[in-house]
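Structure, as structure tokens:
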Amino acid sequence: MSLTLTSPAFSAGGKIPRRYTCDGDDISPPLEWQDPPQGTKAFALIVDDPDAPRGTWVHWVLFDLPGSARSIAESVPAEAKLETGGTHGKNSWGRSDYGGPCPPAGTHRYFFRLYALSAPLALPAGATIEQVRRAMEGRILGEAELMGTYGR
């Protein structure tokens with residue numbers, strides 16, 4: 001078995017419902033995973049859009065989720081540190097929360113990538129994507145990806 005990431009809100013390669021986009025409620029979708037590698041102590045989640053006109057746009061950075069976690073509920077609060085465990089990093093809007101799909105035109109792909117880590121990153125809230133990626137180096141035990149689309 002290997003780490004898998006799914007959502008009850010949309011299927012792999014399917015359309016992300018409007019509710020989870022800037023055209024809807026702009027709340028984070030529910031996510032579920034299973035079969036993390038042995039030794040997983042924490043998870044990190046990065047959501048980005050490689051089809052953005054000015055290069056990859058980061059929609060969500062969430063790290064230091066507990067190693068025992070197997071899901072993220074819908075509508076994660078925009079708090080620096082979550083009660084359930086986890087810390088928000090900065091997205092491309094400069095905010096420390098989820099920012100839903102919001103393509104200027106056409107259909108874009110949105111990649112939800114979950115990383116199983118051998119240790120928490122212990123970075124401060126609001127860490128940049130670069131800081132998170134650097135801190136993950138040498139700690140990634142496994143990775144899962146879920147891609148959804150959204151267009152206007």
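Computed from the coordinates by the stated procedures, all read-outs in this text should not be read as laboratory data. What you are looking at is a predicted structure, and each value in this text was computed from that prediction instead of being measured. Heads up, the Cβs are rebuilt from the backbone with ideal geometry, glycines too, and the neighbour counts pull from every protein chain shown.
Going from the alpha-carbon gyration tensor of the range 38-114, what semi-axes, largest first and in whole Å, does one get by taking the root of 5 times each eigenvalue? Intermediate results must be reported in sequence, preceding the final value.
Values: eigenvalues 118, 36, 21 Å².
Calculated on Cα positions only, the semi-axes equal 24, 13, 10 Å.
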Across all Cα atoms of the range 96-152, Rg and the largest Cα-Cα distance (Dmax), in Å, are 14.1, 40
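Kindly provide the helix-only [θ] at 222 nm of the chain, computed as the sum of -39,500 (n - 2.57) over DSSP H runs of four or more divided by all residues, to the nearest 500 deg cm²/dmol? Intermediate results must be reported in sequence, preceding the final value.
Numbers: 1 runs with 8 residues, N = 152.
Using -39500 (n - 2.57) per qualifying helix, the result is -1500 deg cm²/dmol.
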Where in the range 33-140 are there GluC sites (Glu not before Pro) that are in a DSSP coil and have at most 13 other Cβ atoms within 10 angstrom of their Cβ?
-> 79, 83, 137
Would you pull out the residues with amide H under 5 Å of residue 109's amide H, same chain only if 5 or more places away, H placed 1.01 Å from N?
-> 51
For residue 41, go through the lysines and keep the ones whose alpha-carbon is under 18 Å away, minus same-chain ones fewer than eight residues off.
-> 81
Given the Cα-Cα distance of residue 11 and residue 140 and 0.36 nm per residue of separation, how much length would full extension add, in nm?
-> 43.9 nm
Among beta bridges that DSSP assigns inside the chain, antiparallel share in %, nearest 5 = 95
How large is ³J(HN,Hα) for each residue in the range 32-45, as worked out from phi by the Karplus curve 6.51 cos²θ - 1.76 cosθ + 1.60 (θ = phi - 60°), to whole Hz, x for Gly and Pro?
-> 9, 9, 8, 6, x, x, 4, x, 5, 10, 7, 10, 10, 10
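Expressed as cubic angstrom per residue, what is the convex hull volume of the alpha carbon set of the range 82-129?
Numbers: hull volume 4.9 nm³, N = 48.
It comes to 102 Å³ per residue, whole-number rounded.
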Taking only the alpha carbons of the chain, what extent do you get along each of the three principal axes, in Å, biggest first?
-> 42, 32, 27
